Amino acid sequence: MKKTLIIGVGSILRGDDGIGMRVIDELKKEKFPPDVELHGADISGMDLLKYLPEGGRAIIIDAADMNLEPGDIRVFGPGDIKKADLSDSVSTHGMALLETLTLAEKLGIDCGITVIGVQPENTGYDLDLSETVKSRISDILDIVKEQLFSAF
């Protein structure tokens, strides 16, 4: 059975950047099949690579500046994720999500990746989500479940 990993990334110390982690907290209150794993951590860059399941799939929830209205949500499938321009001078310590997913592809990590991006309103130092983004948590949960139970 192929594993599905649902990963919430971001920092709970940076307001809406913690949306991925907050969604994982909510998902942990529910029951999922044994082949579904939930991970929420302040992970990014190279650390994210070790979580990607070989031959399985990953659903990543993250705050993303998409030049949309705060709280807007977009789903990006494997073919929708544009590639970053990697060079030998790129530091692997501070890689953003886009660079990490590009590197995963270059390394041959065979994982169907879906990214659920949420437009943040506030990414300053704050332990709370903005009311705008917080009000979208139930919508994000519905999208995660829709992605999870859609055809592989």
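Taken together, the residues in region 39-50 that are surrounded by fewer than 18 Cβ atoms within 10 Å (Cβ to Cβ) and either among the acidic types (Asp, Glu) or at pLDDT 70 or above (or both) amount to 6. Flag: VAL75 matches the condition of being modelled with pLDDT of 70 or more, surrounded by 11 or more Cβ atoms within 10 Å (Cβ to Cβ) and in contact with a strand residue (DSSP E or B) (Cβ under 6 Å, 6 or more places away or on another chain). The residue pairs whose first member lies in region 4-33 and is assigned to a loop (DSSP other than H, G, I, E, B), whose second member is among the β-branched types (Val, Ile, Thr), and whose beta carbons are closer than 8 Å, counting only pairs six or more residues apart or on different chains, are GLY10/ILE19.
The values are calculated or read from the model by the stated rules, or taken from the named source; none is laboratory data. Since this is a predicted model, take the numbers as computed values, not measurements. Don't worry about glycine lacking a Cβ; one is built from the backbone with ideal geometry, like all the others, and counts go over all protein chains shown.
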